[in-house]
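**Q** Quick one: structure below, then a few questions.
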Amino acid sequence: MTGRGRFRFVGKRLLQAIPLTLVLLLLVFAMLKVVPGDPALQVAGPRASAATLEAIRVHLGLDQPVWLQFVHYLGRVVTGDLGTTATGSTKVSTLIASGTPVTLVLLAVSTVFTVLIAGATALLAARRPDGLADRLINVVAAFGVGVPTFWLGIVLLAGVALPTGAFPIGGWGDTPATVLRAAVLPALALSVSVAPVLMASLRSGIVEARRSEYHAAAQAAGVRGWTLTRRFVLRNAAVPPVSLLAALTTLLLSGAVVVESTFGLPGLGLSLTQAAQNRDFNVIQGLTLVFSLAVVAVNLVGDVLVALLDPRVEV
Amino acid sequence: MNKWTKPAAAIAAVALVAGCGSGTGTGTGGSGTGAVKASNDLVIGRTVAVDGMSGDSCYGAGSISTMPMIYGNLLTNKPDGSGVQPGIAASYDYDATARTYTFHLREDAGFSNGSPVTGADVAFSFEQWRDGKTSGAYYDMIKSAEATDAHTVVVHLTRADTFLPALLTWCTSTVYPDRYAGMTPEQFFAKPIGAGPFTFASWQNPGPSETITLKKNPHYYDAAKGQPSIDTVVVKTSADASQQMLAFQGGQLDLIEGLTADEGNQLTTEQARIPKPSQARDLMLNSKRPALADVNLRKAISAAIDRNALASVQQGYVVPAEGILPINVPNSVPPTEPYTYDLAAAKALMAQRADQKPVTLTLGFEGSSSTVKTMVQLIRDQLAQIGVEVTLKPSDSATVYSQGSSGDFDMLISDPSAISPTVFDPISFVLTAWYPWTGADTALMKDKFTVGTSSTDDAVKDAAVRAIQDDARAQSTVIGLVNMSTAFAVADYVEGFTATPFLSYDAAAIRIRIRTGS
Amino acid sequence: MVALVQVPGRRRVRRGSGSAPLLTGAVLLALLLAASFAAGPLTGHDPALTDLTARFRPPTAEHWFGTDQLGRDVFARVLVAAGTDLPLALLGAVIPALIGIVLGALAGYARGWLGTAVMRLADLIQAFPSYILLIVLVFLLGPGGGSFLVGAAVGAWVTYARLVRGVVLRLRELDYVRAAQAAGLGHTRVLLRHVLPNALPQAVVYAASDIVLALSYLAALSYLGLGIQAPGIEWGQMIAEGQPFLRNQWWVSVMPGLAIILVGVAVRLIAGGLERRLQR
């Protein structure tokens, strides 16, 4: 791919993301119309007086045509105004701002764990395809996918955090060291369900790379051991998983919602489940927007990365 | 306040379920009687967030416990719940004919910024309470408040009232510096200044997972007595009670507010502090619904509920109810005829109904609490015995409230609790909310409430309360189920902690055994 | 439910009939499902019956999995819950598979605006992480099994649609399909005779592993209080109810967790066996 071709590809991909983003915004806006009951009541809470409700209706612009309401909604989103929580004590944007770093750290640590677990097991399994280790790892991986993340989380809390005292039992930290320590067990619970997916892809990549001609050539040229693995196997085996990256991140993000609730981490996922339990409409609406925009961005970055790394992608 | 005490708050603050008698209680939290802690910090776990930093917004169990730590009150609750005792006010006089209260302030009380608490501060505070958007209605008997000297405040009332002293112990009666020490209310409540034992330091991540940090207030009125002893209080809120219990057992929490029997039965008897039960849990029956309009059905339901069974599941934390009002609160007396479980009588009442159609009813409740869930499952089974089919309808606290206030329910569970030492506190709520919601006749209760709150004679008050209880038995639109304790889990190295029945406790008196030398 | 990626147990390793694992897995699931209908007689305990004199009994010969906070038999409840979890997980995988196959075929044949619309819709759905989509739909529709199925149907059809569309696009260029069309065979018959047989094996394998995902999503939703509500009995909900007693009465929440894992293993066996069969 030429430099200009890449540039054009990235530009095209960016342009494609714009209509998707707009439709997402429209969908999230439409939630307000779908939710049962009076939207003004949803905002005002059950104890609001008739006068308050009317004022909110006017404030929300519910007396205006729908398209104008959407335009106003867009305007509010752009300025970061996503309303307040049902109790009125906190702005949704503040909630998102305080939850985002937590979720990001959790995702980062989980990604590291996932790559480490998947890489190590894939190398081990691919050593002798169909050997004992391979079969064993395949069974364990099947367990990993089948174990409910929240259940694993409970078991880790009671079985590891409590007896060792090395990790906080629920909650987050306030210094880099305590934050990392708080992230270890949740990230582990999360990786266990996602690592098998990456492992399967890596393993078949490694097996195929081993069978390839250049591998045989390198071996014949006397390249051995870790150098052989690193330079000739892993590098080639990593191409398909890179295209999986966006999908994996989406999986991790999805799992984070449950893990944050199990471990009581004050991230975006915990806010989402709490809002669903408390029927806090503004929070659900704001978080849905953030999550879906994040996925659009992740896919965008993933596609661009693949395009930059892999010469075979059409431009 | 007590007001419907937001089911979430009440439930969190309330003790429930389990306590299966034997075979439990092997917990190790805090470990051993000789246990010590490395630092002089108290880390508190709770499940309910505060409602904000102003007293006006105080409503749930989180604020009820936190506000007094920061602000201090003119009067406080006696730890045994038998009445009020001096706080920032050393004493007060009530003149019924002149309708005035005179408060004499301590001279050694000081705000966290170093200024002393004066009459002007207290007079200003009375005005703020009365003019509050959320809780102002509680103070509508206040006409004006004036500082007659640096340490005396006279409060003029619009009517005779003996309820005010109890009200002054509430978390809404927070003492502020005059004119918010020159700040706007917004600035002030972002970093409040109070005369309580602790000083506000930070409030991170406000909401269900918030962390509040408080530091010792060196100007606290009992500083000379060495109070508070603790340097730092950290309050960690999380919605997951069972996880908090694990954290407590792992030594990561020193105190848990609102311990339920589900968690408490895993602790030693020294660690689980269970005051006398003083929170009622009641069942509302909507008499505006055709089936429930028949008093025979309502009485049958009451007779078919085995309150001993409900309480046995939460042994040690819960006792069966005799009437609709919380027990162990001053002037709380049972009805002339307490509730009895009588299946035969219940079936006979069912047979006396005018309309013999089979009955299907919904039962609404706050669904996030495992202890309530256990209770409603038992009630469903018990009512099946008299042929009443019950559909369980869990929802969140706001929805339960709106179902109640809009009359959109058959049966609904909620908890009227006292947060100050008078039974008229929960009565005021039943009178203004539950009775109208269930379609009950409010005439007798209204009359007896006025009689009780304008008298200083205990015999008069008791008689009024008994009449209210009997009236509730006769109408059976609100029926009592159980009375619950507001329990706490306390680590072995925490000393001087006394649980009161009113969701709050004296944090200034708490000491921590610290590891010294070695 | 977004089975967009390869999952272990779905790979071309050993050739073989696949009969043994297929049979083992199928028998396990069938037994569990059958037992769910006869939980009372099998265990000798009514799964819904509370007995306050028998609370928190540890596992014994009388109560194999012990009893819970209301004295109910945990084994009977785990079995009854299978009658909730298995059908919902199955439907949560099959419904989206059917929708996806139909929409995918549509998108492959109708190359005009209709095909584009279907694929754009697929892009849109994939912009929502699955749990978030589920939680939002449950929020809008109210908790319960029905909402779960709607969420699963909305979220998981995309994989199948992409798969079938790919097969259609590939096949329609093949000579025999062109010949069939030239011979006057209608779209439907071409679809049934040629497209489906080509796409089905992979779709079936996807669906098998989707069952595991659907089950873990259902359990997670119920655990969070957004799925099956009491008096319905469901594994995730049982785990949540038993969580406060984890330290002293571990069996209340550990047993339903093991049941979920057992189903995961059984479905994996079936998926592995099926794959080998279909690839022969």
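**Q** Determine which member of the set A:Val179, A:Val194, A:Val155, A:Val184 is more than 17 Å from A:Leu107 (Cα to Cα), assigned to a helix (DSSP H, G or I), of a type outside the set (Gly, Ala, Ser) and assigned by TED's automatic domain parsing to the domain that holds A:Thr114.
**A** A:Val155
**Q** Residues to consider are B:Thr213, B:Thr199; find the one that is in the same structural domain as B:Ser65 (by TED's automatic domain parsing) and touching a Lys or Arg at 6+ places or on another chain (Cβ under 6 Å).
**A** Answer to the check: B:Thr199.
**Q** Moving on to the next point. The conditions are (1) part of a helix (DSSP H, G or I); (2) crowded, with 22+ Cβ neighbours inside 10 Å, and C:Thr53 fails exactly one of them. Which is it?
**A** Looking at each condition in turn, C:Thr53 falls short on (2).
The rows are residues; the columns are (1) part of a loop (DSSP other than H, G, I, E, B); (2) modelled with pLDDT of 95 or more; (3) within 18 Å of B:Ser504 (Cβ to Cβ).
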position	(1), (2), (3)
B:Val153	no, yes, no
B:His156	no, yes, no
B:Ala160	yes, no, no
B:Pro165	no, no, yes
B:Thr169	yes, no, yes
B:Thr172	yes, no, yes
B:Val175	yes, yes, yes
B:Tyr180	no, yes, no
B:Gln187	no, no, no
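**Q** Another one. For the stretch B:257-291, enumerate the residues that are surrounded by 23 or more Cβ atoms within 10 Å (Cβ to Cβ), of a type in the set (A, V, I, L, M) and over 23 Å from B:Ser242 (Cα atoms).
**A** Hits for the stretch B:257-291 are B:Ala280, B:Leu283, B:Met284, B:Leu285.
**Q** Are any residues in the stretch B:493-518 in contact with a helix residue (DSSP H, G or I) (Cβ under 6 Å, 6 or more places away or on another chain) and either closer than 19 Å to B:Arg46 by Cα or among the acidic types (Asp, Glu) (or both), and if so, which ones?
**A** B:Leu503, B:Ser504, B:Ala507
**Q** Would you tally the residues in the stretch A:255-294 being at the interface with another protein chain (Cβ under 7 Å from one of its Cβ atoms), of a type outside the set (A, V, I, L, M, F, W, C) and either surrounded by fewer than 24 Cβ atoms within 10 Å (Cβ to Cβ) or farther than 23 Å from A:Leu26 by Cβ (or both)?
**A** Matching residues across the stretch A:255-294 total 9.
**Q** Out of curiosity, is C:Ala93 touching an Asp or Glu at 6+ places or on another chain (Cβ under 6 Å) and either at pLDDT 90 or above or within 30 Å of A:Met199 (Cα to Cα) (or both)?
**A** Yes, satisfied.
Residues checked against (1) farther than 24 Å from B:Ser455 by Cβ; (2) within 26 Å of the chain's Cα centre (by Cα); (3) among the small types (Gly, Ala, Ser):
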site: B:Gly62; (1), (2), (3): yes, yes, yes
site: B:Pro68; (1), (2), (3): yes, yes, no
site: B:Leu74; (1), (2), (3): no, yes, no
site: B:Pro79; (1), (2), (3): yes, yes, no
site: B:Thr102; (1), (2), (3): no, no, no
site: B:Ser112; (1), (2), (3): yes, no, yes
site: B:Ser115; (1), (2), (3): yes, no, yes
site: B:Val122; (1), (2), (3): yes, yes, no
site: B:Ala137; (1), (2), (3): no, yes, yes
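**Q** Do any residues in the stretch B:373-385 that are on the phi < 0 side of the Ramachandran plot have Cβ atoms under 7 Å from those of residues that are surrounded by fewer than 20 Cβ atoms within 10 Å (Cβ to Cβ) and part of a helix (DSSP H, G or I), where the two are at least six apart or on different chains, and which pairs are they?
**A** That search, which allows pairs on different chains as well, returns B:Leu378/B:Ala309; B:Gln385/B:Leu343.
**Q** Let me ask you something else. Within the bounds of the stretch B:9-24, is there any residue that is in contact with a Gly (Cβ under 6 Å, 6 or more places away or on another chain) and either at pLDDT 50 or above or within 14 Å of chain C (Cβ to nearest Cβ) (or both)?
**A** There is at least one residue in the stretch B:9-24 that is in contact with a Gly (Cβ under 6 Å, 6 or more places away or on another chain) and either at pLDDT 50 or above or within 14 Å of chain C (Cβ to nearest Cβ) (or both).
**Q** Shifting gears a bit: Is it the case, given these coordinates, that A:Ala122 is in the same structural domain as A:Val194 (by TED's automatic domain parsing) and touching a residue at least 24 places away in the same chain (Cβ under 8 Å)?
**A** yes
**Q** A follow-up question, please. Out of the strands (runs of 3 or more DSSP E) lying entirely within the stretch B:72-135, which hold 1 or more residues that are surrounded by fewer than 18 Cβ atoms within 10 Å (Cβ to Cβ) and acidic (Asp, Glu)?
**A** Once the strands (runs of 3 or more DSSP E) in the stretch B:72-135 are filtered for at least 1 residues that are surrounded by fewer than 18 Cβ atoms within 10 Å (Cβ to Cβ) and acidic (Asp, Glu), what remains is B:89-95.
**Q** Still on this structure, please answer the following. If a residue must be modelled with pLDDT of 90 or more, in contact with a helix residue (DSSP H, G or I) (Cβ under 8 Å, 6 or more places away or on another chain) and assigned to a helix (DSSP H, G or I), how many such residues does the stretch B:431-448 contain?
**A** Going through the stretch B:431-448 one residue at a time, the tally reaches 6.
**Q** Checking C:Ile233 against (1) of a type outside the set (Phe, Trp, Tyr); (2) within 7 Å of another protein chain (Cβ to nearest Cβ); (3) buried (at least 24 other Cβ atoms within 10 Å of the Cβ), which test does it fail?
**A** The one condition C:Ile233 does not meet is (2).
**Q** Is it true that A:Arg211 is of a type in the set (D, E, K, R) and surrounded by 13 or more Cβ atoms within 10 Å (Cβ to Cβ)?
**A** For A:Arg211, the condition - of a type in the set (D, E, K, R) and surrounded by 13 or more Cβ atoms within 10 Å (Cβ to Cβ) - is not met.
**Q** Please tell me if A:Thr149 is more than 9 Å from chain C (Cβ to nearest Cβ) and of a type in the set (S, T, N, Q).
**A** no
**Q** In addition: Only one of these conditions is not met by B:Asp254: (1) among the charged types (D, E, K, R); (2) surrounded by fewer than 24 Cβ atoms within 10 Å (Cβ to Cβ); (3) within 22 Å of B:Phe502 (Cβ to Cβ). Which number is it?
**A** Unmet for B:Asp254, out of (1) among the charged types (D, E, K, R); (2) surrounded by fewer than 24 Cβ atoms within 10 Å (Cβ to Cβ); (3) within 22 Å of B:Phe502 (Cβ to Cβ): (2).
**Q** Report whether or not A:Gly119 is crowded, with 23+ Cβ neighbours inside 10 Å, in a helix (DSSP H, G or I) and more than 9 Å from chain C (Cβ to nearest Cβ).
**A** Criteria not met by A:Gly119.
Okay, residues lined up against (1) hydroxyl-bearing (Ser, Thr, Tyr); (2) more than 14 Å from chain A (Cβ to nearest Cβ); (3) in contact with a Cys (Cβ under 8 Å, 6 or more places away or on another chain):
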site	(1), (2), (3)
B:Ile256	no, no, no
B:Glu263	no, no, no
B:Thr269	yes, yes, no
B:Lys288	no, yes, no
B:Gly316	no, yes, no
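**Q** Now for a different question. Could you please find all residues in the stretch A:125-146 being touching a helix residue (DSSP H, G or I) at 6+ places or on another chain (Cβ under 6 Å) and either at the interface with another protein chain (Cβ under 7 Å from one of its Cβ atoms) or not β-branched (Val, Ile, Thr) (or both)?
**A** Matches in the stretch A:125-146: A:Ala125, A:Ala126, A:Pro129, A:Ala133, A:Asp134, A:Ala141, A:Ala142, A:Gly144, A:Val145, A:Gly146.
**Q** Say we look at the stretch C:236-252 and pick out the residues that are within 8 Å of chain A (Cβ to nearest Cβ) and at pLDDT 90 or above; which of these is surrounded by the most Cβ atoms within 10 Å (Cβ to Cβ)?
**A** Taking the candidates together, the pick is C:Gly236.
**Q** Out of curiosity, is A:Gly286 closer than 29 Å to C:Gln243 by Cα, in a helix (DSSP H, G or I) and at pLDDT 85 or above?
**A** So A:Gly286 fails the test.
**Q** Filter the stretch C:205-225 for residues that are outside any helix (DSSP H, G or I) and either more than 8 Å from chain A (Cβ to nearest Cβ) or surrounded by fewer than 24 Cβ atoms within 10 Å (Cβ to Cβ) (or both) and give the result.
**A** Residue satisfying the conditions is C:Gly225 alone.
This table checks each residue for (1) within 9 Å of another protein chain (Cβ to nearest Cβ); (2) under 18 Å from A:Val78 (Cβ atoms); (3) at pLDDT below 70; (4) part of a helix (DSSP H, G or I).
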{"site": "A:Ala17", "(1), (2), (3), (4)": "no, yes, no, yes"}
{"site": "A:Leu24", "(1), (2), (3), (4)": "yes, yes, no, yes"}
{"site": "A:Phe29", "(1), (2), (3), (4)": "no, yes, no, yes"}
{"site": "A:Ala48", "(1), (2), (3), (4)": "no, no, yes, no"}
{"site": "A:Glu54", "(1), (2), (3), (4)": "no, no, no, yes"}
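The values are calculated or read from the model by the stated rules, or taken from the named source; none is laboratory data. This one's a predicted model, so the numbers in the text were calculated from it and none came from an experiment. Positions of Cβ are backbone-derived with ideal geometry, glycine not excepted, and every protein chain shown enters the neighbour counts.
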